[in-house]
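Since the structure comes first, as structure tokens, the remarks are kept for the end.
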């Protein structure tokens, strides 16, 4: 990275909702409308309580269970175009401290389910 931002702490975590490209929302009620569109919803903050999550202890810091979320969904044809759009819009930038990838896999033959949370700092 060519530039750094301040040290991360739970108290300093950004909990604002934004428009595309991290632009400030002009109206707070707009966040509810934006949340209905997958790519735009990635710029809307979701709280730890509404996600029913808890604090996550990473290698470099402790993170709240809330944040800016993009759900890959269940349509394989839309995943790559949506990720390309998020990249174009700068969703992951120099202020990004960690990326959490959560997935679940079900093996039909053994009827077992596994869940994984991968933290990239």
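For the reader, a short list of remarks on this structure follows.
- The set of residues in the range 47-90 being touching a residue at least 60 places away in the same chain (Cβ under 8 Å) and either farther than 15 Å from residue 8 by Cβ or in a helix (DSSP H, G or I) (or both) consists of 89, 90.
- Scanning the range 94-118 for residues that are in a strand (DSSP E or B) and in contact (Cβ under 8 Å) with a residue 24 or more places away in the chain yields a count of 2.
- Residue count for the range 5-46 under the criterion of being under 16 Å from residue 87 (Cα atoms), in a helix (DSSP H, G or I) and at pLDDT 85 or above: the result is 6.
The values are calculated or read from the model by the stated rules, or taken from the named source; none is laboratory data. Note that this is a predicted model, so its numbers are computed, not measured. Neighbour counts run over all protein chains shown; Cβ positions are idealised from the backbone, glycine included.
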